[in-house]
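Read through the structure below, which is laid out as structure tokens, and then see the notes.
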Amino acid sequence: MARSKPTRRTAILVALVTVVVAVGAGVAVLTLRRDGADDTASAPPPVTTTTVTRTDLSDSRSLGGTLGFGPERVVKGAGEGVVTRLPKVGDTVARGKPLYRVDDRPVPVLFGDTPLFRTLDKPGLVGSDVRIVWDNLTALGYHTGSQPTRAKDGTKIGAGRALLTDALVAAIKKWQQALGLEASGRIEVGQAVVLTGPVRVSAVKAVPGDPVAGELLAVTEKVKLVTVPVEATEVATVRVGAAVTVTLPDSSEIPGRIASVSHTVQGGGPDAGAGQSGPPTVDVLVTPARAVDVAKLDAASVQVTFTTSTRKNVLTVPVGALVALREGGHALQLPDGGLLAVETGMFSRGLVEVSGTGVTEGLTVVTAA
């Protein structure tokens with residue numbers, strides 16, 4: 001028997017059934033996917049932990065400085081006469097050696113902090129200027145004899161002072177003879193210049209033919225230094241001899257030490273000019289540990305990192321492990337969700353010092369990822 005052709009109505013019914021089945025399958029797939037997403041969202045997030053460690057913490061600050069030979073100091077002549085020879089910029093001067101010449105006579109350098117303010121010619125004179133001469137000639141290898149504790153009249157000489165003895169006068173004569181001077185045994189004002197130590201000539205301010213009584217030249221330290229202006233209110237945290245790190249223009253780091261702290265405050269006062277705005281500062285001088293590290297640099301802007309305080313052998317955690325409490329203070333969260341109250345100390349380079357009951361080395365705590 002022949003199969004009849006499907007009618008148009010039959011075809012429409014088949015199409016409707018197919019659509020319904022497809023939609024139903026799609027709903028089922030969507031439902032399954034939504035259920036899976038809900039399961040994933042409800043899973044607890046992973047917990048990141050760290051341990052309490054024991055270490056040293058240090059607080060540091062970095063300040064800008066200038067590499068060079070340090071601040072200039074003006075050298076003035078004294079006495080009478082005409083300048084006949086001056087050093088050149090860059091010359092260095094040692095103890096006992098001539099710095100310039102007056103009336104064609106050499107004026108040597110002595111190291112100290114007291115100028116020769118009077119004529120030293122009579123045995124029995126006592127003073128800090130006599131001490132300068134005694135110390136320097138002794139350092140130069142001359143036989144200066146021993147120093148008594150009391151003057152001829154019985155008065156105590158005291159620290160930082162000395163007596164002009166016959167032995168010292170004899171040493172002066174030998175020194176003068178070695179310099180090509182008249183061996184008179186007397187030193188007049190202006191016949192020697194007192195500086196704080198070995199120097200480098202940084203500027204010449206006079207010319208031959210000028211009177212000696214005036215500004216002759218400027219000197220700096222003999223070695224390269226870094227000058228760092230530090231706010232006067234912060235200079236108490238700077239200690240002479242402390243180690244620092246100097247960052248050079250090429251980003252390399254070299255070790256250094258604090259050589260000195262100036263006693264002169266600069267700027268910040270009522271008389272400060274327009275170019276001297278900002279708080280008052282004090283110059284701190286830093287010496288590179290190895291001269292070879294800065295041998296190729298005559299002058300440069302650098303950064304100096306100072307360690308202002310140090311905490312030795314303390315318990316620490318990353319700062320991200322601290323939990324701020326609603327009632328104030330901080331706590332550490334344990335992996336089981338419990339909180340452990342802590343006292344915080346120094347913060348340094350992402351770590352914080354912690355202490356408190358139950359806080360021990362190796363304790364596992366939760367931290368921010």
Item to check | trypsin sites (Lys or Arg not before Pro) restricted to DSSP loop in segment 255-360 with at most 16 other C-beta within 10 Å | outcome: R290, K296, R326, R349
Next on the checklist: Considering only protein heavy atoms and a probe of 1.4 Å, how much of the accessible area of segment 204-271 is carbon and sulfur, as a whole percent?
Outcome noted: 52
Checklist outcome for this item: With the label point 7 Å along the Cα-to-beta-carbon line of D104 and a cut-off under 20 Å to each amide N, the hits in segment 42-85 are 80-85
Checklist outcome for this item: Counting only DSSP loop positions in segment 98-164, the chymotrypsin sites (Phe, Trp or Tyr not before Pro) whose Cβ has at most 15 other Cβ atoms within 10 Å are F117
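Rounded if a/c is under 1.5, else prolate if a/b is larger than b/c, else oblate: which is segment 219-369, with a ≥ b ≥ c the root eigenvalues of its Cα gyration tensor?
prolate
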Checklist outcome for this item: Interchain or sequence-distant (5+) residues whose placed amide H lies within less than 5 Å of the amide H of K222 are R200
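For T149 and V292 in one chain, what is 0.36 nm times their gap in residues minus the Cα-Cα distance, to one decimal in nm?
47.0 nm
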Checklist entry - Based on the Cβ-Cβ distance of K122 and K76, what FRET efficiency does E = 1/(1 + (r/R0)^6) give at R0 = 35 Å, to the nearest 0.05? => result 0.85
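For segment 155-245, with every protein chain kept in place, what is the accessible area per residue (1.4 Å probe, Å²)?
47
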Item to check | Sparse-neighbour loop sites [GluC sites (Glu not before Pro); segment 210-247; at most 12 other C-beta within 10 Å; DSSP] | outcome: none
Item to check | Label-point separation in nm, S309 to D59, each point 7 Å along Cα→Cβ | outcome: 0.3
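The values are calculated or read from the model by the stated rules, or taken from the named source; none is laboratory data. Treat the numbers as computed from the prediction; the structure is a model and nothing was measured. Ideal geometry is used to build each Cβ from the backbone, glycine not excepted, and the neighbour counts take in all protein chains shown. Just the protein is used for accessible areas: all its heavy atoms, side chains included, with ligands, DNA and RNA removed. Shrake-Rupley method; radii C 1.70, N 1.55, O 1.52, S 1.80 Å.
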